[in-house]
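The structure appears right after this line, and notes come after that.
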2 protein chains.
Amino acid sequence: MPRPETVASGPGSRALVVDLIRSAGPISRVELVAATGLTQPTISNIVRHLLESGVIREGGRTASTGGKPRTLLEINPSALFAVGAQLGFESMTFVAAGVGGGTIARQLVDGAALEDPELVVERLADQFRTFISTAGLPVETVAGVAVVVPGPLAARDGTMFRSPTLRRWERFPLLDRLVARLPVPVLLDNDAAAAAVGEFWTRRVARTESFAAVYMGTGIGAGVVLDGALHRGASSNAAELGHVSIDADGVVCSCGNTGCVERYAAPAAVLAEARTASDAFNDLGLEWSENATGPDFDRLARAAVNGHDAARVLIERSAERLAAAIVSFNNVLDLDRIVLAGPSFAVAGSLYVRVIRARIDRSSFARQAHETHVEIAANPRDSAAIGAAALVLQSSVAPGHGPTLER
Amino acid sequence: MPRPETVASGPGSRALVVDLIRSAGPISRVELVAATGLTQPTISNIVRHLLESGVIREGGRTASTGGKPRTLLEINPSALFAVGAQLGFESMTFVAAGVGGGTIARQLVDGAALEDPELVVERLADQFRTFISTAGLPVETVAGVAVVVPGPLAARDGTMFRSPTLRRWERFPLLDRLVARLPVPVLLDNDAAAAAVGEFWTRRVARTESFAAVYMGTGIGAGVVLDGALHRGASSNAAELGHVSIDADGVVCSCGNTGCVERYAAPAAVLAEARTASDAFNDLGLEWSENATGPDFDRLARAAVNGHDAARVLIERSAERLAAAIVSFNNVLDLDRIVLAGPSFAVAGSLYVRVIRARIDRSSFARQAHETHVEIAANPRDSAAIGAAALVLQSSVAPGHGPTLER
């Protein structure tokens, strides 16, 4: 039996200290010792490291109560920046965030589409330089950039091993190429996982909450945060909500399972249903593109929100199916809070929230014991990029939890 | 935002120290300081507490290497015993275990059936006294008894709030009555959760593994162990595998969801299917009891294992449906290992393992990244009772994790 990780000396303690300073600060070293149970030398080491890296700063002293006044520590709101880059089929989104988590710049450019991966990485690197320059961020103040992609990653070598969205990218050594071309440390992760961390961070969700973000872009995914940490599972493939089945005898999915909800509820499935009754949607000017489903799905979603009957039926059906999978997902995890994030919730998120909330209230196993809150992200389109920036900040203050920054 | 729990002063550290002594012992205090990162005074406090409670003992000293020889600590294999009691419809199983986790006594008596809960608790208390007396365990050496039941518990007041198996027990103040009648501290938990802890403990599964026990008795449940701790969810209702849907348009379950796998794969469902073609099963002498499904299910399972075609078709269909739900469950959790436990796997467990393993290998999302091992419990009938005993041991060395012993 392998030895458990040490409790106090690992990166978990550094993350805990930063989180305490963020949530309870300004706070003194003595109070940190009391709140963490870590020794005074351990706290001193962690604090020194965080001061040196500019993550926190000293700010004021406690009022004297007879004893020696104590120096207070607080988050340094501006010394360090992080960039998140979401690489999708249709668009590439950059955001920059300060340590406090607030977004300070955003830029949207063309996505990967069917372009050669090598050229896309080159373009991403160029756009990154333009982006930080436009945002007025000297490169030496950028702690790193996290690139997040749709689809599962082989954690060790940073390649995608299956992506219905970016097929050309399977087995492409993405992390290596990014490290070679970008002037700052790089981290690579899944978009849904990033969105969960971002929502957890920016909403200031309590560590004790069982929390998930449901992410719908081209596909459907999720990220789960338990005890304040992303639950990644045995191989970083946990929370694959899109591949929770809603019909064991249903259609065979490319993943090998049957009846995966992604095949019934994601934008491509909704548009395929619309196409079988295309007369009802003549007024919407749909383009029926097979690759870029986003614009058509947004048109359909907008029509649904505006009272277009046929569109509303389709969107509500998608929501009902997604809700059915979320009930199973919730019966496995018993969650306090679910946030809907991702570009496909940007237009009709309110419809999805209503349907999913109603089904959870009606069908979740634990509904008599407690409520599972269902909410929409403040900015569903940018959730993954914002979350990516949060991953950089987490990784730079507590390397070793999840993917690390590579240079 | 509430403050995070302290790292070093909580019961987690006590559990960590016991686990280190169990897995790496004999070990000295100095080595414990190094391995945990906890301070010397904290380790001294924990060790003193564990020595006083008889969980560990001092055993020998390190060889002198110039410095002062150090006293070594080891688990005390016999000073403390725990009793697990599984209370089911058909039977009540008692087991006693030492700190090492080994079962030292076992007894099976009649279950709750349709009897008045008050009388069943009285009988359970009488049986407990008989059991420890027969096993030769003085009452003062018994750290406590954990009673485990089918169905979810309201964690705060120890009542069952829904149980398809023990309907008369809903809202019965079970924990209060047990505490009033039993002469040792009492803990109450769910049978599937207990089985997971028991399998994790007795198999010496590594803390780093993502682990689950799938539990099938009258109903279907599961327990999930992540980072060495039971994942209980927001309201102790996580891992409700029986209520993962395999058909969003399927039958309405008493839980409020549709298509719950329990309605398709559990013993009652299998027997209902058998009844619709009862001629094929005339040779098995089935009793068709509606309440006690166990004996008929065991007969059917035994026939399936022995090559009875009609029985085999039904058992394999049950296994396929259960496997479909387990694939969704695994796609949410990304597990390293799944163990099948519970009395309904006692006879045809090998058939279930084969079907479930094949479906996981074929359909699990992460199958290209890593294998999810599927195994059968060494003793499926006693898993929950053995796990209950493990819960007592955990709770007596680390109160505060999960339900606590009450007296």
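Only one of A:217, A:242 is touching a helix residue (DSSP H, G or I) at 6+ places or on another chain (Cβ under 7 Å), modelled with pLDDT under 95 and small (Gly, Ala, Ser). Can you tell me which? Before you say what the answer is, go through the steps one by one.
On the way: A:242 fails: modelled with pLDDT under 95.
Testing whether each residue is touching a helix residue (DSSP H, G or I) at 6+ places or on another chain (Cβ under 7 Å), modelled with pLDDT under 95 and small (Gly, Ala, Ser) leaves just A:217.
Can you name the residue in the range B:255-269 that is within 24 Å of the chain's Cα centre (by Cα) and farther than 13 Å from residue B:216 by Cα and is also modelled with the highest pLDDT among such residues?
Of the range B:255-269, the ones within 24 Å of the chain's Cα centre (by Cα) are B:255, B:260-269.
From what is left, the residues that are farther than 13 Å from residue B:216 by Cα are B:255, B:260.
On the way: B:255: 90, B:260: 97.
Among residues in the range B:255-269 that are within 24 Å of the chain's Cα centre (by Cα) and farther than 13 Å from residue B:216 by Cα, the one modelled with the highest pLDDT is B:260.
Within the range B:176-196, the set of residues being over 18 Å from the mean Cα position of the chain (by Cα) and in contact (Cβ under 8 Å) with a residue 60 or more places away in the chain comprises B:177, B:179, B:181, B:184, B:185. Scanning the range B:341-369 for residues that are more than 16 Å from residue B:329 (Cβ to Cβ), part of a loop (DSSP other than H, G, I, E, B) and either among the hydroxyl-bearing types (Ser, Thr, Tyr) or within 14 Å of chain A (Cβ to nearest Cβ) (or both) yields B:368, B:369. Cβ separations smaller than 6 Å between residues 6+ apart or across chains give the following pairs from the range A:33-44 residues that are in a helix (DSSP H, G or I) to residues that are at pLDDT below 85 and open to solvent by 30 Å² or more (accessible area, probe 1.4 Å): A:36/B:6; A:36/B:7. The residue pairs whose first member lies in the range A:363-379 and is over 21 Å from residue A:349 (Cα atoms), whose second member is aromatic (Phe, Trp, Tyr), and whose beta carbons are closer than 7 Å, counting only pairs six or more residues apart or on different chains, are A:368/B:161; A:369/B:161.
Between B:87, B:153, B:114, B:119, the distinction of being among the hydrophobic types (A, V, I, L, M, F, W, C), under 29 Å from residue B:241 (Cα atoms) and surrounded by fewer than 16 Cβ atoms within 10 Å (Cβ to Cβ) belongs to B:114 only. Given the options A:248, A:234, name the one that is more than 21 Å from residue A:214 (Cβ to Cβ), at pLDDT below 95, among the aliphatic types (A, V, I, L, M) and touching an Asp or Glu at 6+ places or on another chain (Cβ under 7 Å). The conditions single out A:234.
Would you call residue B:390 under 29 Å from residue B:91 (Cβ atoms), more than 14 Å from chain A (Cβ to nearest Cβ), in contact with a helix residue (DSSP H, G or I) (Cβ under 6 Å, 6 or more places away or on another chain) and modelled with pLDDT under 95? Yes.
If residue A:70 meets every condition in (1) basic (Lys, Arg); (2) over 29 Å from residue A:137 (Cα atoms); (3) under 35 Å from the mean Cα position of the chain (by Cα) apart from one, which number is that one? For residue A:70, the exception is condition (3).
A single entry from A:199, A:209, A:140 fulfils the requirement of being charged (D, E, K, R) and without any contact (Cβ under 8 Å) to a residue 24 or more places away in the chain: A:140. When B:338, B:386 are checked against the criterion of being within 15 Å of residue B:221 (Cα to Cα) and in contact (Cβ under 8 Å) with a residue 40 or more places away in the chain, B:338 stands alone in meeting it.
Being more than 14 Å from chain B (Cβ to nearest Cβ) and of a type in the set (D, E, K, R) narrows it down to one residue among A:207, A:232, A:181; which is it?
None of the other options fit; the residue is A:181.
Out of the range B:311-322, which residues are in contact (Cβ under 8 Å) with a residue 40 or more places away in the chain and either open to solvent by less than 10 Å² (accessible area, probe 1.4 Å) or not in a helix (DSSP H, G or I) (or both)? Walk me through how you get there before you give the answer.
So the first thing to find is which residues in the range B:311-322 are in contact (Cβ under 8 Å) with a residue 40 or more places away in the chain, and the list is B:314-315, B:317-319, B:321-322.
Residues satisfying the conditions are B:315, B:318, B:319, B:322.
I'd like the residue in the range A:90-107 that is open to solvent by 30 Å² or more (accessible area, probe 1.4 Å) and more than 17 Å from the chain's Cα centre (by Cα) and, out of all such residues, is modelled with the lowest pLDDT. Quick ask: steps written out before the conclusion?
As a first pass, look at the range A:90-107 and keep what is open to solvent by 30 Å² or more (accessible area, probe 1.4 Å): A:90-91, A:100, A:102-104, A:106-107.
Subsequent filtering for residues that are more than 17 Å from the chain's Cα centre (by Cα) retains A:90, A:104, A:107.
Details: A:90: 87, A:104: 81, A:107: 91.
Ranking the candidates gives A:104 first.
In the range A:248-257, the condition of being closer than 18 Å to residue B:359 by Cβ, open to solvent by less than 10 Å² (accessible area, probe 1.4 Å) and out of contact with any helix residue (DSSP H, G or I) (no Cβ under 7 Å at 6 or more places or on another chain) is met by no residue.
Does residue A:346 satisfy being touching a residue at least 12 places away in the same chain (Cβ under 8 Å) and buried (at least 24 other Cβ atoms within 10 Å of the Cβ)? Walk me through it before giving the result.
Numbers: touching a residue at least 12 places away in the same chain (Cβ under 8 Å): yes; buried (at least 24 other Cβ atoms within 10 Å of the Cβ): no.
Against the criterion (touching a residue at least 12 places away in the same chain (Cβ under 8 Å) and buried (at least 24 other Cβ atoms within 10 Å of the Cβ)), residue A:346 does not qualify.
Of everything listed in (1) open to solvent by 10 Å² or more (accessible area, probe 1.4 Å); (2) more than 24 Å from the chain's Cα centre (by Cα), the single unmet condition for residue A:218 is (2). Restricting attention to the range B:358-383 and to residues that are more than 30 Å from residue B:95 (Cα to Cα) and among the basic types (Lys, Arg), the residue that is surrounded by the most Cβ atoms within 10 Å (Cβ to Cβ) turns out to be B:359.
Condition check ((1) among the polar types (S, T, N, Q); (2) touching a strand residue (DSSP E or B) at 6+ places or on another chain (Cβ under 7 Å); (3) at the interface with chain B (Cβ under 9 Å from one of its Cβ atoms)) across all residues:
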| residue | (1), (2), (3) |
| --- | --- |
| A:248 | no, yes, yes |
| A:253 | no, yes, yes |
| A:256 | no, no, yes |
| A:264 | no, no, yes |
| A:270 | no, no, no |
| A:273 | no, no, no |
| A:283 | no, no, no |
| A:289 | yes, no, no |
| A:293 | yes, no, no |
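For the residues A:176, A:189, the requirement of being surrounded by 23 or more Cβ atoms within 10 Å (Cβ to Cβ) and either of a type outside the set (Gly, Ala, Ser) or in a helix (DSSP H, G or I) (or both) singles out A:189. Scoring residue A:223 on the criteria (1) of a type in the set (Gly, Ala, Ser); (2) within 14 Å of chain B (Cβ to nearest Cβ); (3) open to solvent by 20 Å² or more (accessible area, probe 1.4 Å) leaves a single failure, condition (3).
Of all residues in the range B:122-142, those satisfying the criterion of being over 13 Å from residue B:174 (Cβ atoms) and either among the polar types (S, T, N, Q) or open to solvent by less than 20 Å² (accessible area, probe 1.4 Å) (or both) are B:127, B:128, B:130, B:131, B:132, B:133, B:134, B:137, B:141, B:142.
The values are calculated or read from the model by the stated rules, or taken from the named source; none is laboratory data. Fair warning: this is a prediction, and the values are worked out from it, not measured in the lab. As a convention, Cβ positions derive from the backbone with ideal geometry for all residues, glycine included, and neighbour counts pool all protein chains shown. The area values use the complete protein model at the heavy-atom level, side chains included, leaving out ligands, DNA and RNA. Shrake-Rupley method; radii C 1.70, N 1.55, O 1.52, S 1.80 Å.
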